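Beneath this line is the structure, given in structure tokens, with notes to follow.
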Amino acid sequence: MKTFDQMVAEATEHIIELMPWDLEQKLDNNESLLLIDVREPEEFNAMHIANAVNIPRGILEAASETGYDETHAELSCARDKNVVVICRSGKRSCLAAYTLKQLGFKHAASLKTGLRGWNDYDQPMVDQYDHKVDGDDAEEYLRPQTS
């Protein structure tokens with residue numbers, strides 16, 4: 001049996017992870033990127049990187065293939081494109097990038113440190129209405145919840 005962290009560690013051996021400054025540079029250079037945010041819709045609506053597409057982790061495989069109710073046209077045609085997968089901490093996105101690689105996506109990468117690191121690096125995020133999210137509010141929202 002493996003733990004979640006063990007699964008993430010194994011997946012990182014097979015994928016590319018981008019640091020926030022790497023993604024910032026790619027965006028500043030207007031590189032053609034498909035940003036996939038694999039968090040749940042309510043998380044995405046609260047805040048996300050501008051121009052990211054929300055495809056929750058639970059439907060990623062079906063969204064990446066044609067012929068399913070969950071098919072996402074832009075993703076299903078992106079096997080040769082640069083895809084960056086995003087989540088809150090970089091763990092779900094790591095597993096998602098590994099899954100995409102297994103599905104034949106040649107240039108899938110994960111945002112290491114996720115949106116928490118993106119926000120720590122003082123990069124902008126928007127909400128579901130494309131309004132800028134305050135960095136302090138984002139930090140509070142993205143903080144791990146303790147039980």
Checked pairs for the range 63-80, first farther than 16 Å from Ala52 by Cα and without any contact (Cβ under 8 Å) to a residue 12 or more places away in the chain, second of a type outside the set (A, V, I, L, M, F, W, C) and part of a loop (DSSP other than H, G, I, E, B), C-beta under 7 Å and 6 or more apart or across chains, list as Thr71/Glu65
For the structure I just gave you, tell me whether Glu10 is open to solvent by 30 Å² or more (accessible area, probe 1.4 Å), in contact (Cβ under 8 Å) with a residue 24 or more places away in the chain and out of contact with any Lys or Arg (no Cβ under 6 Å at 6 or more places or on another chain). no
Which of the residues belonging to the range 120-146 are in a loop (DSSP other than H, G, I, E, B), out of contact with any helix residue (DSSP H, G or I) (no Cβ under 7 Å at 6 or more places or on another chain) and among the aliphatic types (A, V, I, L, M)? Val133
Could you please let me know if Val133 is among the hydrophobic types (A, V, I, L, M, F, W, C) and surrounded by fewer than 16 Cβ atoms within 10 Å (Cβ to Cβ)? no
Hey, could you check the range 99-130 for residues that are surrounded by 15 or more Cβ atoms within 10 Å (Cβ to Cβ) and of a type in the set (S, T, N, Q) and say which is nearest to Phe44 (Cα to Cα)? Asn119
May I ask you to say which residue of Ser89, Ser93, Ser64 is touching a Gly at 6+ places or on another chain (Cβ under 8 Å) and crowded, with 22+ Cβ neighbours inside 10 Å? Ser93
So Glu74, is it surrounded by fewer than 20 Cβ atoms within 10 Å (Cβ to Cβ), within 22 Å of Gln145 (Cβ to Cβ) and not aliphatic (A, V, I, L, M): no
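The values are calculated or read from the model by the stated rules, or taken from the named source; none is laboratory data. On a predicted model such as this, the values are computed, not experimentally measured, just so you know. FYI the Cβ positions are ideal-geometry reconstructions off the backbone, even for glycines, and counts take in every protein chain you see. For the accessible areas, the whole protein counts, side chains as well, though only heavy atoms, and no ligand, DNA or RNA atoms are used. Shrake-Rupley method; radii C 1.70, N 1.55, O 1.52, S 1.80 Å.
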